[in-house]
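Structure record follows, encoded as structure tokens.
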Amino acid sequence: MWMLVPIAFALKLLSAFLQPLGSVWSSLGPLFLQLRAASWLAGAERSRQLQGRREAGEPDRTEEEGGGDLPTTPTSVNYHFTRQCNYKCGFCFHTAKTSFVLPLEEAKRGLLMLKEAGMEKINFSGGEPFLPDRGEYLGSLVKFCKQELQLPSVSIVSNGSLIRERWFQKYGEYLDILAISCDSFDEQVNVLIGRGQGKKNHVENLQKLRTWCKEYRVAFKINSVINRFNVDEDMKEQINALNPVRWKVFQCLIIEGENSGEDALREAERFVISDEEFEAFLDRHKDVSCLVPESNQKMRDSYLILDEYMRFLNCRNGRKDPSKSILDVGVEEAIKFSGFDEKMFLKRGGKYVWSKADLKLDW
């Protein structure tokens, strides 16, 4: 019985303590609820502001404002290291506005920075990437990316006119994919577009390159820009015969300052087709299994593009607004201003089996 006395006393003390605490909570409870509601409203307003920025084409500033968003990973990068080209395609949207090419070691330094930031695939383009040093500059970068950086995928986009078999002999083992630009299988149409070079036949050269790719175990790809001069063409037979791993079909795109406007080197307005015409072309070729279509909507913001100074190019406002160079500010800082839409990148199939070791091709 004496054991119950301390217990009873303790319960009385606890009751005396809880009574004032309950009174305090009854006063503070509404204040806590008000603070929670204010926080929720602030978060909702912030979301609306961010959405408005995205619709206006402005890059997110969440990292700068302390929002805590994870930085964009440069999984797949398109490096246009030269703007010079030996063709004069009328719709070109990366024109020869400069002749600058980075010193080789500086380009390698930037590529290493990209690898450390998460790059898995590099695509070298131009201009015409085989122009500088007759393809040796490009070959050195290809070898560096595959041998030193050990990237899963190294690819090139070229018009194909300057590629020689000795380049395949020297660098073919380091290259995963070679994409050749071919907009028509009618040589007269290619001449109208600007892919003509006197006596050289673009289509015949394409056949030769296809043979070399198979011989030197490089995956073969074709890129076509659908425009006013080829929109009614039927390419099914020729594409199926060439049997590329991918046939990338782009809708002709207008970029201010590149192929449209006062400062442009091209006037692409006469090449432009409507969305309906582009869809009709796709429907005509829907049975081609390697077809990968890209409308203007899919294309504009879904590529990470580096220019010749290693600046990311933001195309959200219909022109190419450059960031600072990754060589000066680093990848994470520069990529904030790239305008890159990662969701659209994935939606358009930007991530695919891009290593020739995984493609399991019948060479």
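The values are calculated or read from the model by the stated rules, or taken from the named source; none is laboratory data. On a predicted model such as this, the values are computed, not experimentally measured, just so you know. In this analysis, Cβ positions are derived from the backbone assuming ideal geometry, glycine residues included, and neighbour counts consider all displayed protein chains. Just so you know, the surface numbers come from the protein's heavy atoms only, side chains and all, with ligands and any DNA or RNA stripped out. Shrake-Rupley method; radii C 1.70, N 1.55, O 1.52, S 1.80 Å.
Could you report region 208-285's accessible area per residue, 1.4 Å probe, as an integer in Å²?
Numbers: 3680 Å² over 78 residues.
About 47 Å² of surface per residue is accessible.
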For the pair residue 284 and residue 170, the simple spin-label estimate (label points 7 Å beyond Cα toward Cβ) gives in nm 4.1 nm
For residue 164 the rounded accessible area (nearest 10 Å², probe 1.4 Å, non-protein molecules ignored) is 90 Å²
Descending packing, highest mean Cβ count within 10 Å first, for 281-288, 322-329 is 322-329, 281-288
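A 26 angstrom limit on the alpha carbon distance is what I want to check against. Which of 88/199; 146/248; 143/214; 108/214; 88/351 exceed it? Numbers along the way, then the final one.
Numbers: 88/199 16 Å; 146/248 24 Å; 143/214 19 Å; 108/214 28 Å; 88/351 31 Å.
Checking Cα-Cα distances, 108/214; 88/351 exceed 26 Å.
Sorting 212, 354 by accessible area (1.4 Å probe), largest first, what list results?
On the way: 212 35, 354 15 Å².
Sorted descending by solvent-accessible area, the residues read 212, 354.
Quick one: order 234, 307 from most to least accessible surface, probe 1.4 Å.
Greatest to least solvent exposure: 234, 307.
Put 346, 112 in order of accessible area, largest first, 1.4 Å probe: what do you get? Don't skip to the answer; put the middle values down first.
Details: 346 105, 112 75 Å².
Putting 346, 112 in descending order of accessible area: 346, 112.
Quote to one decimal, in nm, the extra length available between residue 200 and residue 346 on full extension: 0.36 nm per residue of separation minus the C-alpha distance between them. Spell out each step's value before the answer.
Values: separation 146, 0.36 × 146 = 52.56 nm, distance 3.81 nm.
Net length gain for the segment: 48.8 nm.
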So, with points 7 Å from each Cα along the Cβ direction, the residue 243-residue 297 label distance in nm works out to 3.6 nm
At R0 = 25 Å the Cβ-Cβ FRET efficiency linking residue 187 and residue 214, nearest 0.05, sits at 0.60
Gyration tensor on Cα atoms of region 221-363, a ≥ b ≥ c root eigenvalues, a/c under 1.5 rounded, else prolate if a/b beats b/c, else oblate, says oblate
A correct Karplus calculation of ³J(HN,Hα) over region 332-349, with 6.51 cos²θ - 1.76 cosθ + 1.60, θ = phi - 60°, whole Hz and x for Gly and Pro, returns 4, 6, 5, 5, 4, 9, 7, x, 6, 9, 5, 5, 5, 4, 6, 5, 7, x
